[in-house]
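Take a look at the structure below.
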Amino acid sequence: MRTAHRVETVRAAEAALMARLPEGALMQRAAAGLAAACCSLLGKGRVYGARVALLVGSGDNGGDALYAGTRLARRGAGVTAVLLGDRAHEGGLAALRAAGGRVVDSAHDDPFEPLAAADLVLDGITGIGGRGGLRPDAVPVARAARGSDAVVVAVDLPSGVDADTGEVAGEALRADVTVTFGTYKPGLLVDPARSYAGALRLVDIGLGGELPGVADLEALQHQDVARLLPVPAAESDKYRRGVLGVVAGSARYPGAAVLAVEGALRGGAGAVRYVGPAADAVIAAHPETLVHPGPPDRAGRVQAWVVGPGLGDEPGVTEVLASDVPVLVDADGLRGLDPALVRARSAPTVLTPHAGEAAALLGATREEVEAGRLAAVRELAARFGATVLLKGSTTLVCGPGTEAGRAAGGAVRVNPTGTGWLATAGSGDVLSGLAGSLLAAGLRPVDAASCAAYLHGLAARRASGGGPVTAGDVAGALGGAWRDVTSGL
């Protein structure tokens with residue numbers, strides 16, 4: 001599992017470790033890992049004679065860049081440091097000069113010449129405490145670096161992005177690779193900042209023992225999901241597997257009901273009970289479905305409900321929320337949803353909005369939600385007392401309660417799977433059914449939502465193969481994605 005920690009947590013851990021180490025040892029560890037990553041990016045035998053430009057700001061990231069540049073210069077690289085702050089790390093500057101490196105002060109010299117010829121650029125302009133984008137005087141240099149043919153490597157995180165939130169409030173330098181130290185930072189895993197980070201490499205500098213047991217953000221991997229997924233025993237029946245109720249579809253959108261039911265069936269539900277006006281379409285596509293004319297409370301025994309996909313103005317949301325089993329609310333079910341009604345429930349609730357739906361629930365704009373995804377998912381979870389799966393380029397899952405979701409027993413989860421081709425009609429309906437089936441199987445809401453997002457994204461990659469994909473294709477690939485995840489058990 002990948003874990004990420006906020007700036008204040010990282011700084012506290014670094015301070016505790018530095019108190020036990022010789023002065024400067026922690027920076028040297030970071031510089032050694034950074035230099036090793038640069039060597040691998042330049043390629044075997046290509047460090048000698050390579051041209052490396054360091055963009056050096058006033059903070060510790062500038063010092064990391066200078067000491068890494070020193071190591072590269074000792075291996076025969078031509079290294080030039082471009083100073084962009086009002087000061088630079090004195091020890092790092094002295095070490096670089098002693099190793100034969102060159103120093104250019106952007107206030108007095110031409111900062112663009114080293115970039116035009118560079119094979120690799122190290123971005124050490126700002127550190128994890130940076131806020132609000134690059135300073136105006138650094139913007140032309142950053143643009144020149146990005147416009148060059150060099151590989152751009154961010155030191156700890158790209159300059160101009162917010163380490164804690166993933167927000168990009170101004171201009172930032174887009175990296176090809178980010179080498180981060182000790183632990184991931186939330187902004188490296190959450191869009192829009194994630195798209196600036198490129199490939200991620202984590203350098204172990206010994207912080208592990210100083211970091212808290214619960215991270216601020218975490219990303220599940222195959223083995224984590226495999227441990228959470230239900231496995232039927234020999235004595236299992238459909239009720240032990242989990243029966244999911246689905247209230248979805250309308251005369252205008254019968255396909256939403258079909259896709260939600262398919263997501264549930266392919267997600268391992270023992271049975272699916274469907275309530276709604278699209279029964280004929282559902283039975284035609286999935287004859288194993290148990291249909292009922294309604295209302296939901298007369299449909300029969302279920303362990304969880306999904307309500308909302310394609311529902312239009314059909315009734316059902318209030319009735320389902322009155323039940324005493326877990327409920328997932330999606331799409332049309334979210335429209336005008338009353339937080340008090342959700343908070344009053346005795347059983348868990350999962351909400352699965354996309355950015356537009358989240359904006360409507362928060363009284364914000366879609367742009368505000370997309371720019372501050374972590375803040376949005378935390379606020380929704382706290383306001384509704386529900387687990388929230390915020391769909392989008394970065395899908396986030398937050399448990400109910402406190403700002404960081406700790407009332408649900410863990411960090412906010414970020415989904416690492418998926419593809420841009422997943423932005424297609426009906427894919428969210430499949431996700432709802434899949435997550436609902438895992439709720440019915442007894443998974444905690446946070447686990448059901450995050451495992452569903454993981455499998456859904458993995459299935460989309462399998463079905464897409466790099467090209468367009470339909471929601472039905474995604475549903476059809478869920479079994480293969482499940483097998484991929486559990487094959488290592």
Report task. Considering only region 106-222, give the strands (runs of 3 or more DSSP E) lying wholly within it that have at least 3 residues that are among the hydrophobic types (A, V, I, L, M, F, W, C). Result -> 120-124, 151-155, 177-181, 199-203
Query raised in the report: When you scan region 224-266, how many residues do you find that are buried (at least 18 other Cβ atoms within 10 Å of the Cβ), among the polar types (S, T, N, Q) and within 17 Å of Gln303 (Cα to Cα)?
Result: 0
Report task. Might you let me know whether region 381-392 holds any residue that is of a type outside the set (Phe, Trp, Tyr), in contact with a helix residue (DSSP H, G or I) (Cβ under 6 Å, 6 or more places away or on another chain) and on the phi > 0 side of the Ramachandran plot? Result -> yes
Query raised in the report: Just checking, how many residues over region 1-28 are open to solvent by 60 Å² or more (accessible area, probe 1.4 Å), of a type outside the set (A, V, I, L, M, F, W, C) and closer than 30 Å to Asp224 by Cα?
Result: 3
Query raised in the report: Are there any pairs with C-beta distances below 9 angstrom linking a residue in region 409-435 that is farther than 9 Å from Ala460 by Cβ and aromatic (Phe, Trp, Tyr) to a residue that is at pLDDT 95 or above and part of a helix (DSSP H, G or I), with the two at least 6 apart or on different chains, and if so which?
Result: none
Report task. Scan region 39-75 for residues that are touching a residue at least 12 places away in the same chain (Cβ under 8 Å), in a helix (DSSP H, G or I), open to solvent by 60 Å² or more (accessible area, probe 1.4 Å) and farther than 21 Å from Gly130 by Cα and jot them down. Result -> Arg71, Arg74
Report task. Provide a single number: the residues in region 201-223 that are loosely packed, with under 14 Cβ neighbours inside 10 Å and over 15 Å from Thr486 (Cβ atoms). Result -> 5
Report task. Give region 130-159 a look and list any residue that's of a type in the set (Val, Ile, Thr) and open to solvent by 10 Å² or more (accessible area, probe 1.4 Å), or say none. Result -> Val139, Val151
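Restricting the search to region 1-25, which residues are under 28 Å from the mean Cα position of the chain (by Cα) and more than 30 Å from Thr417 (Cα to Cα)?
Ala12, Glu14, Ala15
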Requested in this report: Test each condition in (1) open to solvent by 10 Å² or more (accessible area, probe 1.4 Å); (2) of a type in the set (Ser, Thr, Tyr); (3) closer than 29 Å to Ala169 by Cβ for Thr318 and report the one that comes out false.
Outcome: (3)
Query - The one condition in (1) at positive phi; (2) open to solvent by 10 Å² or more (accessible area, probe 1.4 Å); (3) not acidic (Asp, Glu) that Gly78 fails to fulfil - result: (1)
Query raised in the report: Across region 160-196, which residue is farthest from the chain's Cα centre (by Cα) among those that are of a type in the set (Ser, Thr, Tyr) and open to solvent by 10 Å² or more (accessible area, probe 1.4 Å)?
Result: Tyr196
**Report entry** Within region 27-38, considering residues that are in contact (Cβ under 8 Å) with a residue 60 or more places away in the chain and not hydrophobic (A, V, I, L, M, F, W, C), the one farthest from Thr178 (Cα to Cα)
**Finding:** Arg29
Report task. Can you run down the residue pairs with Cβ atoms below 7 Å, 6 or more apart or on separate chains, where the first is in region 211-227 and at pLDDT 95 or above and the partner is part of a helix (DSSP H, G or I) and surrounded by fewer than 17 Cβ atoms within 10 Å (Cβ to Cβ)? Result -> Ala226/Thr486
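The values are calculated or read from the model by the stated rules, or taken from the named source; none is laboratory data. Since we're looking at a predicted model, the values are computed, not measured. Here Cβ is always computed from backbone atoms with ideal geometry, including for glycine, and neighbour counts include all displayed protein chains. Side chains included, ligands, DNA and RNA excluded: accessible areas come from the protein's heavy atoms. Shrake-Rupley method; radii C 1.70, N 1.55, O 1.52, S 1.80 Å.
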